[in-house]
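This report concerns only the one structure given below.
The values are calculated or read from the model by the stated rules, or taken from the named source; none is laboratory data. Predicted, not measured: the structure shown is a model, and the values here were computed from it. Glycine gets a Cβ as well: all are built from the backbone with ideal geometry, and neighbour counts include every protein chain shown.
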Amino acid sequence: DAKTTQPPSMDCAEGRAANLPCNHSTISGNEYVYWYRQIHSQGPQYIIHGLKNNETNEMASLIITEDRKSSTLILPHATLRDTAVYYCIVRSPRKGTGANSKLTFGKGITLSVRP
Amino acid sequence: EAGVAQSPRYKIIEKRQSVAFWCNPISGHATLYWYQQILGQGPKLLIQFQNNGVVDDSQLPKDRFSAERLKGVDSTLKIQPAKLEDSAVYLCASSLVGVHEQYFGPGTRLTVT
């Protein structure tokens with residue numbers, strides 16, 4: 001699986017948009033970009049994933065550049081509860097056996113939302 | 001819908017002792033994962049099951065770690081004997097086959113003294 005690069009930390013003001021960057025310059029054509037987050041003392045939580053097109057759900061938006069070498073997770077109106085470590089992961093499609101492929105987590109980016 | 005259940009939530013043991021962790025995945029989820037998360041790092045996959053078969057155990061230290069999922073439902077991860085460097089949070093996750101999202105349990109925090 002391709003590796004990802006994220007800044008170690010960032011902060012934003014409550015109510016403002018949080019834009020979390022991720023570089024994945026060695027991504028292959030069939031690899032997906034995933035975002036998970038981990039709030040302190042909890043297990044990771046799935047946020048969103050995408051292949052080529054931009055994606056939006058009730059939690060966030062995912063913007064993938066046309067060359068797919070980088071992406072941005074956008075939390076449109078950050079709240080204090082969004083303070084967490086956010087992981088950008090590149091994941092291969094399913095194995096040849098049909099089994100799910102694995103997630104390889106890096107260190108992630110720590111987002112601090114300030115009041 | 002009940003989430004992934006794990007027990008115990010906390011465990012403190014001395015080095016060279018044995019310990020076991022239990023995980024009950026979300027009902028109907030055929031795929032079960034065990035991860036190790038050392039403080040300050042992201043989770044690392046130890047083993048992946050699909051039903052009761054092992055899909056990936058390439059990062060499991062097999063000289064001391066073992067895992068089983070005998071009936072394809074709940075699972076046990078064992079460490080025997082424990083070392084100081086095994087101090088970590090052990091996370092269990094489950095998913096449907098072919099579905100992108102993994103659901104994680106709250107984890108078991110292990111401290112080896």
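A few remarks follow.
- Check on residue B:56, loosely packed, with under 15 Cβ neighbours inside 10 Å and of a type outside the set (Gly, Ala, Ser): no
- Of all residues in the range B:89-99, none are surrounded by fewer than 18 Cβ atoms within 10 Å (Cβ to Cβ), within 17 Å of residue A:91 (Cβ to Cβ) and hydroxyl-bearing (Ser, Thr, Tyr).
- Pick from the range B:22-53, criterion out of contact with any strand residue (DSSP E or B) (no Cβ under 6 Å at 6 or more places or on another chain) and in contact (Cβ under 8 Å) with a residue 12 or more places away in the chain, ranking: nearest to residue A:8 (Cα to Cα): B:39
- Residue ID - nearest to the other protein chains (Cβ to nearest Cβ), chosen from residues in the range B:104-113 that are crowded, with 20+ Cβ neighbours inside 10 Å and not β-branched (Val, Ile, Thr): B:104
- Selected residue (only one of A:9, A:25 is more than 16 Å from residue A:67 (Cβ to Cβ), among the hydroxyl-bearing types (Ser, Thr, Tyr) and surrounded by fewer than 16 Cβ atoms within 10 Å (Cβ to Cβ)): A:9
- Number of residues in the range B:63-77 that are modelled with pLDDT of 95 or more and either loosely packed, with under 14 Cβ neighbours inside 10 Å or within 9 Å of another protein chain (Cβ to nearest Cβ) (or both): the value is 1.
- Here the strands (runs of 3 or more DSSP E) wholly within the range B:1-62 that include at least 1 residues being under 15 Å from residue B:104 (Cβ atoms) are B:5-7, B:19-24, B:31-37, B:44-50.
- Residue within the range A:75-90 that is over 25 Å from residue B:37 (Cα atoms), among the hydroxyl-bearing types (Ser, Thr, Tyr), surrounded by fewer than 19 Cβ atoms within 10 Å (Cβ to Cβ) and within 14 Å of another protein chain (Cβ to nearest Cβ) present: no
- When residues in the range A:28-58 are screened for being more than 16 Å from residue A:5 (Cβ to Cβ), buried (at least 16 other Cβ atoms within 10 Å of the Cβ) and out of contact with any Leu (no Cβ under 6 Å at 6 or more places or on another chain), 8 of them pass.
- Considering residues of the range B:2-45 that are crowded, with 18+ Cβ neighbours inside 10 Å and of a type in the set (Ser, Thr, Tyr) only, the residue farthest from residue B:77 (Cα to Cα): B:31
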